[in-house]
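Below is one structure, written out as C-alpha cells; the observations come after it.
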Amino acid sequence: MKLIKLGLISFLVLGTIVTSIGLLFPSTVLVSRAVDVNVSITKIKPLVADMHQWPMWIEGMKDSSVKILSATTALLGNTSVTITSVTDSTMEASWKGVDGVEQFSTMRMIGKPSANTAIVQWQFVQQIGWYPWERFGSMMNDKIMGTQMERHLQKLKRIAEQ
C-alpha cells in the first residue's frame, strides 16, 4: 500500500513540475521566413493569392489527397486551407486541421509595385494550449515548418523570376 501511495504522489509531483515548466513556454508560436525576389509585387501576387497556382511552388500540392475547391479554398489531406484576405501586399489564410488545431498564415510582399524587387515574408501563427505535450511539441514547429517554408519560398522565387 505504501508503494502505491508513493507512486501516486510521485506521479502527481512529477506531473505538476512538467506542467509548470511547460507553462513557461509561450502560448503563441510564430514561424517566419523571407526571401528576396527580383521581380515586382504584381508578378508575385497572382502566384500567392490563387490556390490554383500553389501547386507550382508548394511541394505536395499535386498529391492525390489535395483537392483545390476554388481559388480561395483547398483540402490538403486532413487540413482545410482558406484564403481569408488578399490586399495589394498581403495574403492571409487559415489552416485548420481535422483535430481543430488552427494556424494562421500571412504572406507579405514588401516593395513598391513599380520596383523590380520585393521581399516575400511568410509566417504562421498558432495558439498553443496549456497541456505540457503541446507546449513541448511547439519547440519543433520552427525546425519542421521553417525548413518547408524555406523550400517553398525558394521555389516561388525561381518561378516568379522566370
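Assorted remarks:
- Selection of region 125-162 for residues being modelled with pLDDT of 90 or more and either assigned to a strand (DSSP E or B) or farther than 23 Å from Val101 by Cα (or both) yields Arg151, Leu153, Gln154, Lys155, Leu156, Lys157, Arg158, Ile159, Ala160, Glu161.
- Restricting attention to region 95-109 and to residues that are assigned to a strand (DSSP E or B), over 10 Å from the mean Cα position of the chain (by Cα) and without any contact (Cβ under 8 Å) to a residue 40 or more places away in the chain, the residue that is surrounded by the most Cβ atoms within 10 Å (Cβ to Cβ) turns out to be Arg108.
- Members of region 16-48 that are within 30 Å of Gly137 (Cβ to Cβ), touching a residue at least 40 places away in the same chain (Cβ under 8 Å) and more than 24 Å from the chain's Cα centre (by Cα): Val18, Thr19, Ile21
- Residue match in region 40-56 (condition: assigned to a loop (DSSP other than H, G, I, E, B), of a type in the set (Ser, Thr, Tyr) and touching a helix residue (DSSP H, G or I) at 6+ places or on another chain (Cβ under 9 Å)): no
- Residue within region 58-74 that is of a type in the set (A, V, I, L, M, F, W, C) and exposed (fewer than 13 other Cβ atoms within 10 Å of the Cβ) present: yes
- Looking across region 1-28, the residues that are modelled with pLDDT of 85 or more, among the aliphatic types (A, V, I, L, M) and exposed (fewer than 10 other Cβ atoms within 10 Å of the Cβ) come down to Leu3, Ile4.
- Qualifying residue in region 114-122 (condition: aromatic (Phe, Trp, Tyr), touching a residue at least 24 places away in the same chain (Cβ under 8 Å), touching a helix residue (DSSP H, G or I) at 6+ places or on another chain (Cβ under 6 Å) and outside any loop (DSSP other than H, G, I, E, B)): yes
- Any hit, region 16-33, residues being more than 20 Å from Tyr131 (Cβ to Cβ) and of a type outside the set (Val, Ile, Thr): yes
The values are calculated or read from the model by the stated rules, or taken from the named source; none is laboratory data. The structure displayed is predicted, hence computed values, not measured ones. Reconstructed Cβ throughout: ideal geometry from the backbone, glycine too, with neighbour counts over all protein chains shown.
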